[in-house]
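Quick notes on the structure that follows.
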Amino acid sequence: MALTIGYEGLGVIANADQVTNDTGGLGTGDWGELGAGYIDVNPDVYLYGSASMGSQYASKVGYSYFDRVTPINFSTTWAGNFIYMWINISAKGAFTTADSFCVRIGTSNSANYNDYFIANKNDSNGWAGGWKLFVIDPTKTRTSGNGTLDLTSVQFFGNYIATDVSVRADSIWWSQMAVAKGLRILGTSTSGWADAVAYCTDYTNRAWGVLQEREGIYYVYGGLWIGSSTASTATSFVTAGRVIQFGISEYRNAATDWVTSYPDTANALVIQDQNGYATIFTDGVIVGSDAGRSGSQFIGDPNSTISMTLYSGNDASSVTKMYGTTFKDIKGAITLGDNTANQYFSDTFQGCGVMTLGTSSVQNSLFVSGLGLVTYGGGILKNCSFISSTVPVALSWNQAIDTNTKLDGTLFSSGGTGHAIEFGSNTPASLTFNNMTFTGYGANETTDAAIYNNSGKAVEISLNGTAQPTVRNGGGASTTFPSSITLKIAVKDIDGDPMVGVRCYIDDQNISPFILDDVTDAQGEASTSYTGSPVSNATWRVRKYGYLPFQQLVSIGSVDITLPVTLIDDPIY
């Protein structure tokens, strides 16, 4: 089963292929010109199909437009839909220096319309010509216009044009127009984004500008829905290694500032499913059991607070897995989903906004320069790094779940302000930090301390392989760290010289996380602070290629232990 792709919204309204009874949409719309210009079918310059609608203005002024005949209700029926309009120009210098080239949307062709400035002789926002998609939200404040646009009855779509240079051939063209919020993608594909883009850019059959490709980068204009909560269709979308850039569409407002022409919340990625019809979304390749590679890159645009809902959970078989995926400048809410089978391994979240992790497994991932709070929801969050966060709190922990085995190996590096972790009222009274790192945080009882105990209760934190972090206690809260002992392995060679980079382990019946899992430093030592219970016959092991392995059972009690080890050359090597 291949992908089934459709507009999320009204859909195509014009194909720009016939002056009378344009074949797009209802098949009853007509093209016209009001003024001193000329408009007709152009078989030589086109994007979609084999023709476009072309227009020429020789030092003239006018309005070239598509009359849908049947008005569109953007207030209720198609609320939240935008106008997708392909436009091409070849002679920008022919425009006047005033607001001479505007997208015009009207209740009629001569009154009650909005103009959205997109170019003149001197300013076209970097557009030198060629086919360009404009995405217009008809509720946006206009640059200029006439009367009041009735959003319940929008019938005319085109461009106001004013030129002061004589152009003797078509220099303005229109291709396919649509009204929608974005695209919905269903079905099965093992090369998901590539297949979706190829479908939308099959210009012989369609010019669906929501997805475009330029120089190997996929551009998105609007929302993307993968799967459905109502369509009764299973979806499997597999992809890897693509660059998905959320695009920019702008107009110049009355204050002569270039601003977004559709809402800053319009760009989105939503993964949906329906009970009995699962959606499986996979990006990248898993490596081992907790890492990944070859994921795609999702890059935000400066005008948008892009949101992503990566799992819906209506069907128990649905799952989202993203390996080595990068999310950059996704400033809206990101929801990973409540499913323990969801996997986000070796991902990077850079400059992203508020995140809800749910019960998903997030491992070996980076959270860099976070702009919003990350909320733990009960899943795995191991061996991750929170770097340069400057928000008041990097991670909220408000679940009745011990951090032991959930937050192991995670690093928090301060961006100069704020806490690493805030404990909420549901946080257990006893926690364990295993092999965690806190760097750059402020002193105790400051707003920059590493831990903010805002639980309203006494919390005891046991430290294994973790230096004691600074703490700020909220009202009614207190934080203590049980006394610890130091467990150390000191490794030398047969000449008595310290050995660097030797792998050392201490474990209790091979239970993960190990009490110690590290390599020796410049002094030939690997050590950890231990606050746990006594361990009878803990296993102490030392391994290095080219040397005989070492193993010894040593019980752990309440006093420091230093175990000296001399490694002997393995005669086989």
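Read the figures in this text as sums done on the coordinates, not as results from a lab. The structure displayed is predicted, hence computed values, not measured ones. A quick note on method: Cβ atoms are made from the backbone with ideal geometry, for glycine too, and the neighbour counts reach across all protein chains shown.
If a spin label sat at a point 7 angstrom from the Cα of SER108 along the line to its beta carbon, the backbone N atoms of region 56-95 nearer than 18 Å would be those of 63-72.
With the highest mean first, a sort of the peptides 538-546, 227-235, 81-89, 428-436 on other beta-carbon atoms found within 10 angstrom per residue produces 81-89, 428-436, 227-235, 538-546. Straight-distance candidates among the aspartates and glutamates for linking to LYS181, with alpha-carbon spacing under 15 Å and chain neighbours fewer than 8 residues away dropped: GLU8, ASP137, ASP264. If R0 equals 45 Å, the separation of the Cβ atoms of ALA467 and ARG214 corresponds to a calculated FRET efficiency of about 0.40.
Relative to the 2.2 N^0.38 Å rule of thumb, region 199-308 has a C-alpha radius of gyration ratio of 1.27. Convex hull volume per residue, computed on the Cα atoms of the chain, equals 199 Å³.
Computed from phi, the 3J(HN,Hα) profile of region 451-461 under the Karplus parametrisation 6.51, -1.76, 1.60 (θ = phi - 60°) reads 10, 10, 7, 10, 7, x, 9, 7, 10, 10, 10 Hz, with x in place of Gly and Pro. Helical content of the chain, expressed as a calculated mean residue ellipticity at 222 nm, amounts to -500 deg cm²/dmol (DSSP H runs of 4 or more residues, -39,500 (n - 2.57) each, divided by residue number, nearest 500).
Here the peptides 113-122, 20-29, 365-374 are ranked by packing, the mean other Cβ count within 10 Å, and the order with the highest first is 113-122, 365-374, 20-29. Label reach from SER555 (point 7 Å along Cα→C-beta): in region 465-504, amide nitrogens under 19 Å belong to 485-488.
For a straight C-alpha distance cut-off of 13 angstrom, the aspartates and glutamates reachable from LYS492 (same-chain residues fewer than eight places away being disregarded) are ASP521, GLU525, ASP569.
Peptide packing: for 69-79, 171-181, 211-221, the average count of neighbouring Cβ atoms within 10 Å per residue gives the ranking 171-181, 211-221, 69-79, highest mean first. Rg/Rh for region 217-480 stands at 1.01; both radii use Cα atoms, and Rh follows the Kirkwood definition. Using a cut-off of 20 Å between alpha-carbon atoms, which lysines can reach LYS321, once sequence neighbours fewer than 8 places away in the same chain are excluded? Once the sequence-local lysines are set aside, what remains near LYS321 is LYS382, LYS406. With the simple spin-label model, which puts each label point 7 Å out from Cα in the Cβ direction, the ASP521 to THR97 separation comes to 6.9 nm. Once both labels are positioned 7 Å from their Cα atoms along Cα-to-Cβ, the gap between SER90 and LYS492 label points is 8.6 nm. In this simple spin-label model, placing a label point 7 Å from the Cα along the Cα-to-Cβ direction at both VAL259 and THR390 gives a separation of 2.6 nm. Charge tally around PHE82: other residues with Cβ under 13 Å, Lys/Arg +1 each, Asp/Glu -1 each, net -1. The residues packed around ILE286, meaning those with a beta-carbon under 15 Å from its beta-carbon, carry a net charge of -1 if Lys and Arg are +1 and Asp and Glu are -1. Under the classification rounded if a/c is under 1.5, otherwise prolate if a/b is larger than b/c and oblate if not, where does region 485-566 fall, given a ≥ b ≥ c as square roots of the Cα gyration tensor eigenvalues? Cα axes put region 485-566 in the prolate bin. Separation of the alpha carbons by more than 19 angstrom is noted, of LYS488/LYS544; LYS132/LYS331; LYS60/LYS121, for LYS132/LYS331.
Rounded to 0.05, the FRET efficiency of the ASP290 and THR23 pair, given R0 = 45 Å and the Cβ-Cβ distance, is 0.25. In this structure, SER478 and VAL41 have a Cβ-Cβ separation that, at R0 = 56 Å, corresponds to a calculated FRET efficiency of about 0.10. Under 17 Å from a point 7 Å along the Cα-to-Cβ line of THR148: which residues of region 82-122 have their amide N that close? Residues passing the 17 Å test: 106-108, 111-115.
Computed over region 9-179, the P(r) curve from all C-alpha pair distances, binned at 5 Å from the origin, holds 2, 9, 19, 24, 22, 15, 7, 2, 0 percent per bin.
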